[in-house]
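What follows is a short report on a single structure.
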Amino acid sequence: MSAGVHPRFFSCLIRRNMNQKLLKLENLLQLHCICRQLHILGQNRPLSQWRHGFSSAYLVGTAQPYAWPRRRDLLIRTALSQYRLLVTKKEKRPWKSQLSSTKSKKEVEVWIGMTVEELARAMEKDIDYVYEALLNTAIDVDSLEADSHLEEVWIKEVIKKAGMKLKWSKLKQDKVRENKDAVRRPQADAALLTPRSPVVTIMGHVDHGKTTLLDKLRKTQVAAMEAGGITQHIGAFLVTMPSGEKITFLDTPGHAAFSAMRARGAQVTDIIVLVVAADDGVMKQTVESIQHARDAQVPIVLAVNKCDKAEADPEKVKKELLAYDVVCEDYGGDVQAVHVSALTGDNLMALAEATIALAEMLELKADPTGPVEGTVIESFTDKGRGPVTTAIIQRGTLRKGSILVAGRSWAKVRLMFDENGKTINEAYPSMPVGIIGWKDLPSAGDEILEVESESRAREVVDWRKYAQEQEKNKDDLKIIEEKRKEHQEAYQKAREKYGTLHWKKRSYIKYLERKEQKSLKPKEKAEKDSNVLPVVIKGDVDGSVEAILNILASYDASHECELELVHFGVGDISENDVNLAETFDGIIYGFNVNASNIIQQSAAKKGVKVKLHKIIYRLVEDLQEELSSRLPCAVEEHPIGEASILATFSVTEGKKKVPVAGCRVQKGHLEKQKKFKLIRNGHIIWRGSLTSLKHHKDDVSMIKTGMDCGLSLDEEKVEFKVGDEIVCYEEREVLAKTSWDPGF
């Protein structure tokens, strides 16, 4: 096969030749049959009259003198016809390509991204027709499958070769599917608005006392019950002040891993209370909280905490905040600063009053009528109650039986409860509420909208799933197109590479390439698999899982060990999680979830590791250790002794001269069985072992500090110089450590 001629061309050519041969065989058989019949009819006539064969000129001249019966005339005419077909050098109707046979200008409806199969169906042709049309073009026909997407240029090429008209259209789905999504209502009339409680988010660096501060305001002990003494969920609480005013507080995590939670808290809040420890000052998450407040355009009240400590310096905190454009009233700004002690409760009422005063200035109002609008603050799965969400109502009044939509989930409200677990019947704007009745678990941060019926809720959810699928298809199409282009470029390079080579040379090179691509040996495969860590992540709430996934997204050490996320979800560890981990040879990480004895026994039986953690940075440390354990051990050199070369000479052994270095041990000792390296001007010029080590004329295995010795190397070409250093060392394997740093 010549280079540059496509295999599909030969298949089409062979098919054409076979059709022609079958046609000629049929003609030959018909001629034979006609001749036999003429022979039977002409037994009473001398055959010599037409022994010259079926010559058209002869038969025309000789057929007239004899008045043969009509049947014989018909047979002769048929025989002549079949004979002409056989002896004619060029057929009257030569075979033409199917591509050029279509004369009618048929209109074909096409669209961007259609597949080979769809194009063939639209043209009412088979798939081979499309392949044949794309032969001898820049596209790699071998890489095309029935479901391969075609570019606009190739669709036009096929239609052009078919002699058909092109008609562009949108995807059929776009024609019939209209937007059924639910959206927020227009802004309410100012006359319908009523005053509402402020939503206040407490933000700041980890361990600066945010939750303890809130405990004092609520007179509860939340901080004492938190794992590791740090908040790892976003909490919503309604606090009634002694003066009667109500404030909804959101307590956000300060740990670096929970950046998304803090951003979510800032987006649904009216006021941010920025807590900064007076003894610690402005830290990384403090700066991040300021940025969240600025992005959400939310005013700040500064709470300088831990002022009861001897090393507290509130003024230092205020000065540090100036660098981030947070200017307190003491320095001519508009940010209220209150010095408090969450531990002792000092000045907390002043903080509450500052917050209420700012809320009054903001004149916060909401519309308590009409369909409900809100935001999911947190979501989790409860064994007895199913999917549960914590939400902030922003408009309307939520009641039992309301139909809600959030993200790609919907609910008929079965039960509502406050932060203390007490059942409530109604939830007004600015009120935090727990909602039970969701069909699926919505994501934290999803918008909650009330709709008129269950059928409408299903319609909205179906539309959102469809819209997400369409978006995913577009992304997939882009990826497919990129891969196709890469494959096309590789194909073109391969053709350029092999095009000028002799077929024998080309076959040999391809054989070598196939040999290199053969499957790995079991040992090599095991080594390759050991550099992949598949993980299953389970968390107690959606926000926790989100935080862990954000941490995994920062993984940047794939060149050392691949981190593969097999599955993630909310809820306790299940048998399905164990089966997935077993299939992928992975590890299950659980955050604030449980694994029953049955699940743990099943995991142990299947050899699956289940690791449960209640503090997020402990989980990350465990993950780092597991990644490090999958890395090959590093080799470290440990010096045993050092010697300096004082003289060089050579000795004769047999017929050759061997260079010898006269040395004195300066540090430690030299052992003949260990490894050595020769250093000159700080550069290593040789590594290896000794062939001999002598003290005076005696062979020895070890030379101690201060002793002189003579030694020769296992490489004779190395030249010694006075002043060189000989170092004796041993290699030790040490566990490698992953270079991945999640940033905390």
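The values are calculated or read from the model by the stated rules, or taken from the named source; none is laboratory data. Quantities reported herein were computed from a predicted structural model and do not represent experimental measurements. Every residue, glycine among them, receives a Cβ derived from its backbone with ideal geometry; neighbour counts consider all protein chains shown. Note: accessible area is taken over every heavy atom of the protein model, side chains too, but ligands, DNA and RNA are not part of it. Shrake-Rupley method; radii C 1.70, N 1.55, O 1.52, S 1.80 Å.
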Quantify, in whole percent, the carbon and sulfur part of the accessible surface of the range 615-744 (1.4 Å probe; protein heavy atoms only).
48 percent
Straight-line reach from Lys483: which aspartates and glutamates have a Cα under 15 Å away, not including same-chain ones fewer than 8 places off?
Asp140, Asp142, Glu145, Asp147, Glu151, Asp475
To the nearest 10 square angstrom, how much accessible area does Cys633 have with a 1.4 angstrom probe?
70 Å²
In terms of Cα to Cα distance under 18 Å, which aspartates and glutamates are near enough to Lys655, apart from those fewer than 8 places away along the same chain?
Asp714, Glu715, Glu716
Within the range 420-471, what whole-number % of the accessible surface is contributed by carbon and sulfur, with the 1.4 Å probe and all protein chains included in the calculation?
40 percent
Evaluate the charge dipole of the range 360-488 about its Cα centre and quote only its size in Debye, nearest 20, assuming +1 on the Cβ of each Lys and Arg and -1 on the Cβ of each Asp and Glu.
520 debye
How much area per residue is accessible in the range 325-458 when the probe is 1.4 Å and only protein heavy atoms are counted (Å²)?
45 Å²
Karplus 3J(HN,Hα) series, Hz, for the range 540-547 with 6.51 cos²θ - 1.76 cosθ + 1.60 (x for Gly, Pro)
6, 9, 4, x, 5, 4, 4, 5
Given bins 5 angstrom wide, list per bin the percent of all Cα-Cα distances in the range 405-475, short to long.
3, 15, 21, 23, 17, 9, 6, 4, 2, 0
Past the 26 Å Cα-Cα mark, which pairs from Lys106/Lys180; Lys284/Lys319; Lys672/Lys717; Lys383/Lys472?
Lys106/Lys180; Lys383/Lys472
